[in-house]
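What follows is a set of notes on a single structure, which appears directly below.
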Amino acid sequence: MSENLRLTPEMLEAVLRDDNVPHYVGEEAPNFGGQPREMNVNACGGGINSFCITPEGDVQPCPAFPCSFGNLASATFTDILQNGEDVKWWQNLTLNDYEECGRYDYCAYCNLCPGNHYVEHGTPLKAAEQNCYMAKNRHALAVKMKNGYKPAPFKQRLSELETEIRPLQKIFAPSCSYFRGKRINEVSGTTSITA
């Protein structure tokens, strides 16, 4: 993911204080939302508790993890699961096998996703930068709150952010849409169509 497209730490703070999001950070949550990591178990249930079958017949750990264990055109599902070397390798991994995951305090705040790792690095064992960015921000907010920091309520902070973001939308994201494959731009009350 592009660093230019992600939320700033200030914006993330507002989002992370929304108790409707899974990454919630707050005193009501155990350890302010942090979860201890068990280093001797597999960090992901994809390819263990569930699988994904693509339209092409590839058996993957999950939709976010585009690594094929085998294809149903050339083997049965049972054969892939029982005899596939990649499946065995994956199912026997533990968090200890990862390069960095689980080794830092902020890892307790990570929503570890080997699929994101694989997409970014070609291996599920090297942490995706975006996962670490989110974990570090969640951890930093939790530490601040444990030390007495009282962030503004979610709705108040969200309205403050909207005031900060609206002027940027006009500069960086002019209203545009597509009609029959042509882009329609609406800037300053004029409309232009480009191919």
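Annotation: amide H-H contacts under 5 Å for Gly70 (H modelled 1.01 Å from N, sequence separation of 5 or more, or interchain): Val59.
For the stretch 1-69, the Cα-based Rg and Dmax, in that order, read 16.8, 46 Å. Projecting label points 7 angstrom from Cα along Cα→Cβ for Asn147 and Phe51 puts them 4.9 nm apart.
Taking label points 7 Å from Cα along the Cα-to-Cβ direction, Val21 and Ser68 give a separation of 3.6 nm. Extent of the stretch 1-153 along its three principal axes (Cα atoms, max minus min coordinate, largest first): 58, 32, 25 Å.
By a 1.4 Å probe calculation restricted to protein chains, Asp18 has an accessible surface near 30 Å², given to the nearest 10.
Peptides 19-27, 120-128 ranked from most to least packed by the mean count of surrounding Cβ atoms within 10 Å: 120-128, 19-27. 3J(HN,Hα) along the stretch 123-138: 8, x, 8, 10, 4, 6, 4, 5, 4, 5, 4, 5, 4, 5, 5, 4 Hz, from the Karplus curve 6.51 cos²θ - 1.76 cosθ + 1.60 with θ = phi - 60°, whole Hz, x for Gly and Pro.
The values are calculated or read from the model by the stated rules, or taken from the named source; none is laboratory data. Quick caveat, the model's predicted, so the values are computed rather than measured. Here Cβ is always computed from backbone atoms with ideal geometry, including for glycine, and neighbour counts include all displayed protein chains. The protein model used for the area step is the full one, side chains on, heavy atoms only, and it has no ligands, DNA or RNA in it. Shrake-Rupley method; radii C 1.70, N 1.55, O 1.52, S 1.80 Å.
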